[in-house]
1. Please turn the phi angles of the stretch 345-350 into ³J(HN,Hα) values with the Karplus equation 6.51 cos²θ - 1.76 cosθ + 1.60 (θ = phi - 60°), one per residue in order, whole Hz, x for glycine and proline.
2. Determine the calculated [θ] at 222 nm for the chain from helices alone, applying -39500 (n - 2.57) to every DSSP H run no shorter than 4 residues and normalising by the residue count; nearest 500 deg cm²/dmol.
3. Computed over the Cα atoms, what is the radius of gyration of the stretch 270-354 divided by 2.2 N^0.38 Å, N being its residue count?
4. Of TYR272, TYR499, TYR427, how do they rank once you tally other Cβ atoms within 10 Å and put the fewest first?
5. Using Stokes-Einstein with the Kirkwood hydrodynamic radius over Cα pairs, what translational diffusion coefficient do you get for the chain at 20 °C and a viscosity of 1.002 mPa s, in µm²/s rounded to a whole number?
6. Considering the alpha-carbon set of the stretch 522-649 alone, what are its Rg and its Dmax in angstrom?
7. Report the local net charge at LEU3: Lys and Arg +1, Asp and Glu -1, summed over other residues whose C-beta lies under 11 Å from its C-beta.
8. Only bridges with both residues in the chain count here: give the DSSP antiparallel percent, nearest 5.
Amino acid sequence: MALADIRQPSDLRGLSHSQLEELSGEIRDFIVAAVAETGGHLGSNLGAVELTLALHRVFESPRDAILWDTGHQSYVHKLVTGRRGGFSQLRQAGGLSGYPSREESVHDFIENSHASTVLSYAHGMAVARDKGQLGDRRHVVAVIGDGSLTGGMAYEALNNLGHSKSKVIIVLNDNGRSYAPTVSNLTHQPHPLEETSDMPRPRDRFTRRLSRTLTNVRLNPVYVQRQRRLEKWLHDLPVVGPQAERGLEAIKAGIREYLQPTAFFEALGVRYVGPVDGHNFEELEHALSAAATRSEEGPIVVHVLTQKGRGYSPAEDDDEKHLHDAPVFDPISGPPKSVPTGYTQAFADALIKEAQSDQRIVAITAAMPGPTGLIAFESHFPDRFFDVGIAEQHAVTFAAGLAMGGMRPVVALYSTFLNRAWDQLVYDVALHRLPVVFCLDRAGITGDDGPSHHGIYDMALLSKVPGMRVLAPSSAQDLQQMLHDAMSLADTGPVVIRYPKGNARQVAEHDVGSGLQARRMASDPAKSLCILAVGKMVGAAEQAVAALAHNGISATLWDVRSCVPADDLMIRDAAAHRRVITIEDGIRDGGIGFLLADAITSVTPATPPVIKVLGLPTRFIPHAKPDVILAKLGLDATGIERTAREMLAS
């Protein structure tokens, strides 16, 4: 059967395994072609083809709830649930989301694009089901993997699932990686599907065969029933019964400990089966069906081994990330090698330079060394680089401990992911006034990945943390200066530098600021209009001021640079103008603009200037290209010029 004939999951159930193999190849070709046209997540989806098809053959979505973590591995799920036609607009404005979306399909239950959350969702849904609140829902299946089991929230949920005996089927999609290789001892290293040796050693072959045999035995319901009877018989033996039962458990545990990574899960009360070949339909369907049968006993993990990027040689050969994500590319030759660009590259170069002269500097990231620009740092200073996995909370408090020990930690995260470590940032770092430098990439509107990835809250939140300094560079050169300054500013507490995705504005040496000072870029002798622009918005404001000047209208323009604390000279100059515009690519309500407005008003409370605060609205903003989003919100050069003219005309 061709992919075009698959319109719903039930269309898969009549296919033979050989037909499924052919369909898998067609799906891989389709995904490569689709992502080549629009960009998107590639490697994780190529590795989850057989697993997704097996899930939809064994379970009955949406009657059975299949939940995805992380959501970027759900492209195949979208294909078999009737959305093939939408892939031409994947991650485009008004088109298909790159993650599960409740608005798109009844088969999507959670819009999960931040990792390690699915087990908590599953626990809640299972309890609601058992209380009769989910109608005729049967199974709750949580697919976790692609590194998402490294997040602390997943372990919290596992603990509760095991304790409550909640009836959840957990599918661990173990591809040995998140973005980079997975930081965890729960995954097999080296990954069995990525071994360099052509032939495993005889002992390894025997061990794997025995492990697989034991897995098949443990999946057999007859074995489970007999085991329960044997345990009861031993327990009821006179005098020695309890000791005999414990002895049997010890023997079983010893075998499992040697052959399978069960100890962790089963210590939490979560039964474990596997590992299962995630590209073998017979093994997958047998394991999933058996898990469904045994789910009445409580939570069960099915450990599935897959190969990220499978079936597409450019992805299989990508040592860094197996083409985890890709821009638009030629599907024949594959994407060019991923390298940092723009602000990310400026940060990467500056950090290495600083670390060469300061032995205290260490770098920390949460499973994203490539996207945050730290791969070069790792190669220069391997013993000063730490990838903690998808564990932002741990990353921040780990940095606090390093700082307490005299180090100078630099935590490099996406802006949106710092939200996950808010408590740690406030009470573990800021409360102790520790010298931690946070470098937040992808700040502001990021575009294609949608509302969960826009970094729009950082300035509004961080500006309320006592003692925090929040810096926003407007050029690559300014970012590098800020990182240099941050190393000494951190002597009195934490510093944040936030910068956007994409190309960086380039300026001459004399156009770079310093310290916590703002930089005046243009002056209005008549003091009629002053524009205070933050970070990326400086470029748009500069264009607007030039357009106004072309029509004989002068304006003062300040590059704010230091959002908190604001430069007093800039505040006093703005207060001397009749009209002031502030502009930022962060959330407007409670953002930097209102802090600046309050400061300006306090200078001349009797006759304050008219102030207009421009920023992002308090709503979730769908995916589209950043420039398109900003233009619609009036946060481009045209919008700023229009606002200025309206103010001057009033």
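Bear in mind these aren't lab numbers, they're just calculated from the coordinates by the rules spelled out. Everything quoted here is computed from the prediction, not taken from an experiment. Cβ placement follows ideal geometry from the backbone for every residue including glycine, while neighbour counts extend to all protein chains displayed.
1. 5, 4, 5, 4, 5, 5
2. Working: 23 runs with 256 residues, N = 650.
After summing the helix terms and dividing by the residues of the chain, the value is -12000 deg cm²/dmol.
3. 1.69
4. Numbers: TYR272 23, TYR499 30, TYR427 13.
By the 10 Å Cβ count, ascending: TYR427, TYR272, TYR499.
5. On the way: Rh = 26.9 Å.
The Stokes-Einstein estimate is 80 µm²/s.
6. 13.9, 44
7. Working: positive: ARG7, ARG28, ARG84; negative: ASP5, ASP11, GLU22, GLU26, ASP29.
Charge balance in the 11 Å sphere: -2.
8. Details: 9 of 65 bridges.
Looking only at bridges with both residues in the chain, the antiparallel portion is about 15 percent.
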